[in-house]
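A short write-up of the structure that comes next.
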Amino acid sequence: MHFGLIVVDPAVEDKLHRKHKGITHRDVVEAVQWPARPQAAWDEDEEHGRRVVALGTNAADRTLICWLQPIPDWDDDADTWTIRTARWV
């Protein structure tokens, strides 16, 4: 799966930083965007809908799991993705 541009809403980034031990937009980009080689698959969630779950490692060699939604949300081959949430594993 290819993740081109990865964006994050400022409120989501603030939540990640406060609630999930300092995760930043940069951590997610390093872990899942090329040249990273994350493990990724579509996830169907009753509450949050269809999104991708991806597992990767950032430049500091810390592994994180994140959930991304394509923009637009109906395009499985989207080049732009938004971070919905993430956490360290």
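Among the residues of the stretch 41-81, just one is touching a Lys or Arg at 6+ places or on another chain (Cβ under 8 Å) and either at positive phi or touching a residue at least 60 places away in the same chain (Cβ under 8 Å) (or both), namely Leu68. Kindly evaluate Asp9 against the criterion of being closer than 13 Å to Ile83 by Cα, surrounded by fewer than 17 Cβ atoms within 10 Å (Cβ to Cβ) and at pLDDT 95 or above. Taking the combined requirement at face value, the residue satisfies it. Taken as a whole, the structure leaves Arg26 outside the set of residues that are in contact (Cβ under 8 Å) with a residue 60 or more places away in the chain, out of contact with any helix residue (DSSP H, G or I) (no Cβ under 6 Å at 6 or more places or on another chain) and surrounded by fewer than 18 Cβ atoms within 10 Å (Cβ to Cβ). Contact annotation: residue pairs with Cβ atoms under 9 Å, 6 or more positions apart or on different chains, pairing a residue in the stretch 1-14 that is within 11 Å of His25 (Cα to Cα) and touching a residue at least 60 places away in the same chain (Cβ under 8 Å) with a partner that is of a type in the set (Phe, Trp, Tyr) and outside any loop (DSSP other than H, G, I, E, B), are Ile6/Trp81; Val7/Trp81. Any chance the stretch 79-87 includes a residue that's under 13 Å from Met1 (Cβ atoms), more than 12 Å from the chain's Cα centre (by Cα), modelled with pLDDT of 90 or more and surrounded by fewer than 17 Cβ atoms within 10 Å (Cβ to Cβ)? Yes, the stretch 79-87 has at least one match. Here the condition is being in contact with a Gly (Cβ under 9 Å, 6 or more places away or on another chain), under 15 Å from Val89 (Cα atoms) and either assigned to a strand (DSSP E or B) or aliphatic (A, V, I, L, M) (or both); of Ile65, Ile23, it holds for Ile65 alone.
Residue by residue, here is whether (1) β-branched (Val, Ile, Thr); (2) assigned to a helix (DSSP H, G or I); (3) surrounded by 11 or more Cβ atoms within 10 Å (Cβ to Cβ) holds:
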site: Asp14; (1), (2), (3): no, yes, yes
site: Trp34; (1), (2), (3): no, no, no
site: Ala40; (1), (2), (3): no, no, yes
site: Glu44; (1), (2), (3): no, no, no
site: Trp74; (1), (2), (3): no, no, no
site: Asp77; (1), (2), (3): no, no, no
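When Val52 is tested against (1) crowded, with 17+ Cβ neighbours inside 10 Å; (2) in a helix (DSSP H, G or I), exactly one condition is not met: (2).
The values are calculated or read from the model by the stated rules, or taken from the named source; none is laboratory data. All values reported here derive from a predicted model rather than from experimental measurement. We place every Cβ from the backbone using ideal geometry, glycine too, and count neighbours over all the protein chains shown.
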